[in-house]
1. Identify, from the list Val318, Val290, the residue that is assigned to a helix (DSSP H, G or I) and either at pLDDT 90 or above or of a type in the set (Val, Ile, Thr) (or both).
2. Consider Asp19 against the criteria (1) touching a Leu at 6+ places or on another chain (Cβ under 6 Å); (2) crowded, with 22+ Cβ neighbours inside 10 Å; (3) not small (Gly, Ala, Ser): it satisfies all of them except one. Which criterion is unmet?
3. Counting just the residues of segment 325-346 that are surrounded by 19 or more Cβ atoms within 10 Å (Cβ to Cβ) and part of a loop (DSSP other than H, G, I, E, B), which one comes out modelled with the highest pLDDT?
4. When Tyr132 is evaluated against the numbered criteria (1) of a type in the set (Phe, Trp, Tyr); (2) free of Cβ contacts under 8 Å to residues at least 24 places away in the same chain; (3) not assigned by TED's automatic domain parsing to the domain that holds Glu29, which criterion, by number, is the only one it fails?
5. Of all residues in segment 21-51, count the ones that are assigned to a helix (DSSP H, G or I) and more than 21 Å from Phe71 (Cβ to Cβ).
6. Which residues, counting only those in segment 225-239, are over 24 Å from Thr331 (Cα atoms), surrounded by fewer than 14 Cβ atoms within 10 Å (Cβ to Cβ) and out of contact with any helix residue (DSSP H, G or I) (no Cβ under 8 Å at 6 or more places or on another chain)?
7. Kindly indicate the residue of segment 61-85 that is under 19 Å from Arg135 (Cα atoms) and of a type in the set (A, V, I, L, M, F, W, C) and also surrounded by the most Cβ atoms within 10 Å (Cβ to Cβ) among those meeting that condition.
8. Looking at (1) within 26 Å of Gln215 (Cα to Cα); (2) modelled with pLDDT under 95; (3) not polar (S, T, N, Q), which one does Ile304 not meet, given that it meets all the others?
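The values are calculated or read from the model by the stated rules, or taken from the named source; none is laboratory data. Here the structure is a predicted model, which is why all the values come from computation and not from measurement. Virtual Cβ from ideal backbone geometry, glycine too; neighbours counted across all protein chains shown.
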Amino acid sequence: MINNSDTNLNVPNILVVDDTPANLRLLSEILDGKGYRVREVLNGNLALKVAEKEKPDLILLDIMMPEMDGFEVCRLIKENQNLNDVPIIFISALNNTNDIVRAFHAGAADYITKPFRAEEVKARVATHLKLYQQRRELQEQRVKLQNINAEKDKFFSIISHDLKGPFNGFLGLTNVLTDKLAELTQSDIQKIADCMQNSATNLFRLIENLLEWSQSQRGITKFNPVPTLLISFIAENMTQVLDSAVNKAIVIEYQIPEDLEVFADRFMLESILRNLATNAVKFTNNGGIVTISASIDPDNLAEISVKDTGIGMCSKMVDDLFRLDVQTNRTGTQGEPSSGLGLILCKDFAEKHGGKLWVESEPDKGSVFHVTLPGKNAEST
């Protein structure tokens, strides 16, 4: 029975378990007066079911009940990973020291003897609800710190590995030009210049992603969605990707309706398209095909897909693809560096629009990345 119809998530939710209806009514009246949301149950089995269905913030638990006593109920709750952090206050007529000690050994947070006093119940309930809230806040902070550390580790990994390697290669090429320029033919110089250009392009893209990701994490990336004609926007922003595709003889095909518009931040949209298309080219062998398609559904949601005929990924790699705490970087089909950061950035930007990003892939059969964004009419909603 729920005595308080207020379903506000900020209102503490208290489960009261007692086989005596008069005790339930009295405790409910005491707690209702403090503005708590109270649920009453008459036995241990029902208490376990109700707690599992909707986790309480606190449990007031009688000991002497038929079929399953309070000690057993407490033990089963503390063994349940979803419920074991919920504070339990025993309220019982048993006042023997051994019973009280047994209650604390079972996992109780406190013990009130019957007949109870209203002010004592209010005070102890308020204290344990406050402690429970503080523990939850500490746990949330702990998770945030773990995420921050994972992001920091990813950042330093990229700097130490993914930047250092390409820079060393680039410096090696400059050393060849410096030390052996007189011995090099025009053809040799042209090959070295091409390699240096590729290295510089890859480094620029990596640094670009690092800066964009850093701004996104610090919350300083502006968000200004506007109606954007997709086909023309792609044509304006695919120059770098097209250069890479030409070098690998990869064909880029477009299957985009000429009138399809999205309601998106142009900076974020450019980053999403650049990263997805660059990734497709990077992991496709020479002579492959990359297809960029888009459609819009009846709910005004645009879905953009980037499909390649590349090397694909196993299910484990797909599962880890958007995790900061797992190294997913691997080189492209021509040794192009990859940090995995670009895809994480795409996911962040898609979610900023209220959309999502996901991938379908099989080894040696290629990958398809899908991203959803609001359609043009989202501006008026």
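1. Val318
2. Answer for Asp19: the failing condition is (2).
3. Gly332
4. (2)
5. 9
6. Ser232, Ala235, Glu236
7. Per the criteria, the residue is Ile77.
8. (2)
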